[in-house]
Every structure is written in C-alpha cells, then in structure tokens.
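See structure below.
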Amino acid sequence: GENVEQHPSTLSVQEGDSAVIKCTYSDSASNYFPWYKQELGKRPQLIIDIRSNVGEKKDQRIAVTLNKTAKHFSLHITETQPEDSAVYFCAASKTGGYQKVTFGIGTKLQVIP
Amino acid sequence: GAGVSQSPSNKVTEKGKDVELRCDPISGHTALYWYRQRLGQGLEFLIYFQGNSAPDKSGLPSDRFSAERTGESVSTLTIQRTQQEDSAVYLCASSLAAGIYEQYFGPGTRLTVT
C-alpha cells in the first residue's frame, strides 16, 4: 500500500519568512495530493491540492510543487503570519480500485511574531 | 449547507464499557472515512466506506473496533470493551467519492476512557 513520509515534524519560522514542508510517497500510481491544515482544537481543512498532471499550483501565499519522477511534493508558504501556525498534513491517493487517502504524520508550524 | 456532524462531541466512559460514535456525512457524499487522532499525533486511518462496496477495514486496530454504514448515510463506529489507550479524538470525514476529492471533516468525538 501507499506510504507517505512528511518532514519536518516541527518547524518554527519568524513572521514574514517562508516555510517549506516536504512529503514523499511510495506508490507511483498516486495522482492526487492534498494538503490539510489543522488549527489547534479544530478539524482539518483542505488548503490546497494538486493533481499529477501539473507540476505547481499557487493560491495567494501558498503553493504546492510536485515532482512525479522523484515522488515528492512540497508545500510552500510565503510571508508567513501568526495565523499560519497550525499542523499541516500532506496526503496521497489515486483513482481506480480502492482509493484510501494516506496521510503524512503532520508538521507543526509555529510562526513567531 | 450542513457540514459533517458527529455525536457525541465528548464521551467519558469507564474501562471495559462499549461506546458508539455517530457520523452524519454531507448529503450526496458516497465516501466516508473514520480516523483516530491521539493528542498531538497524526491522523490514523481506521476504516472507509465507498457506496455499496465492501468497506476497507484495514486500519481497525483490533477486533474490538467495528463500524457500519447504512447506504450512503449515517455511520456508527463501535468500540467494545474500551481500554485507556482508546482515548483519542475520533474524526469522521466524507467526500463526493473516494480518493481524489476533498475530504470534509466533522468536529470529532473526544473519547476519554477512565
């Protein structure tokens, strides 16, 4: 089955700096890669996703890049703000057959004002 | 529209008792997932349902855990003979279909086994 590894497990950045979280996956058939943000005490919510037919996707201050050859994808947050502090989960899944979504272990991001 | 709802929001139970957790998915969502999240930890997959297909139970940690779903509606997760290590937040999520669609999470049920 799919295995998703995520790092770092914790990340502290100064407000205004950039943050990068990286994930690797094992199943080359995976073709959908979402990122979820979970604020303290709240439920996870999708913030951005990317499908395998593109290499990069941006939405304001967040972007995700995908390297299918290397089987890794990354989340980039620019101009970080205190409200970006949360746990971020990457995930991978695919079409066809059973499509269980496999999550990474999460990265706790702390933005220091 | 209404999102995913779960009940109860909190449950405190004594070790050895059975508990039943409920999830109401978004109407029209054919896929439903259960996850366990221990304090400060990640999302541990338990089980998922996709339409009328047989559920994927590969994440259930022991035979004390079971889940049911009636058609494409409500799901219940049952934990028998609860143990202290079962204490966690149990999250339910639904999506239009399995795999490549956004999962909408419920608020979770915080289970405490004393």
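No value in this document is a laboratory result; all are computed from the given coordinates. Computed from a predicted structure; not experimentally measured. Cβ atoms come from the backbone with ideal geometry, glycine included; neighbour counts cover every protein chain shown.
Residue check, B:Cys92 against (1) closer than 21 Å to A:Gly1 by Cβ; (2) within 11 Å of another protein chain (Cβ to nearest Cβ); (3) in contact (Cβ under 8 Å) with a residue 60 or more places away in the chain; (4) not hydroxyl-bearing (Ser, Thr, Tyr), all met but one. Which one?
So the condition that B:Cys92 fails would be (1).
Kindly indicate the residue of the range A:27-53 that is out of contact with any strand residue (DSSP E or B) (no Cβ under 9 Å at 6 or more places or on another chain) and over 12 Å from A:Ala86 (Cα atoms) and also farthest from the other protein chains (Cβ to nearest Cβ) among those meeting that condition.
Residue satisfying both the conditions and the ranking: A:Ser28.
Return the residues of the range A:21-50 that are in a loop (DSSP other than H, G, I, E, B), on the phi < 0 side of the Ramachandran plot and of a type outside the set (A, V, I, L, M); say none if nothing qualifies.
Selection gives A:Ser26, A:Asp27, A:Ser28, A:Ser30, A:Asn31, A:Glu39, A:Lys42, A:Arg43, A:Pro44.
State whether one or more residues within the range B:95-113 are crowded, with 21+ Cβ neighbours inside 10 Å, away from chain A (no Cβ under 14 Å) and more than 17 Å from B:Glu44 (Cα to Cα).
no
Restricting the search to the range B:22-41, which residues are within 11 Å of chain A (Cβ to nearest Cβ) and within 11 Å of the chain's Cα centre (by Cα)?
B:Tyr33, B:Tyr35, B:Gln37, listed by residue number.
Among the listed residues A:Tyr32, A:Tyr25, identify the single one that is among the aromatic types (Phe, Trp, Tyr) and surrounded by fewer than 20 Cβ atoms within 10 Å (Cβ to Cβ).
Testing whether each residue is among the aromatic types (Phe, Trp, Tyr) and surrounded by fewer than 20 Cβ atoms within 10 Å (Cβ to Cβ) leaves just A:Tyr32.
I'd like the full set of residues that are exposed (fewer than 14 other Cβ atoms within 10 Å of the Cβ), assigned to a strand (DSSP E or B) and within 14 Å of chain B (Cβ to nearest Cβ), limited to the range A:54-111.
If the condition is that a residue be exposed (fewer than 14 other Cβ atoms within 10 Å of the Cβ), assigned to a strand (DSSP E or B) and within 14 Å of chain B (Cβ to nearest Cβ), then A:Asp59 is the only one that fits.
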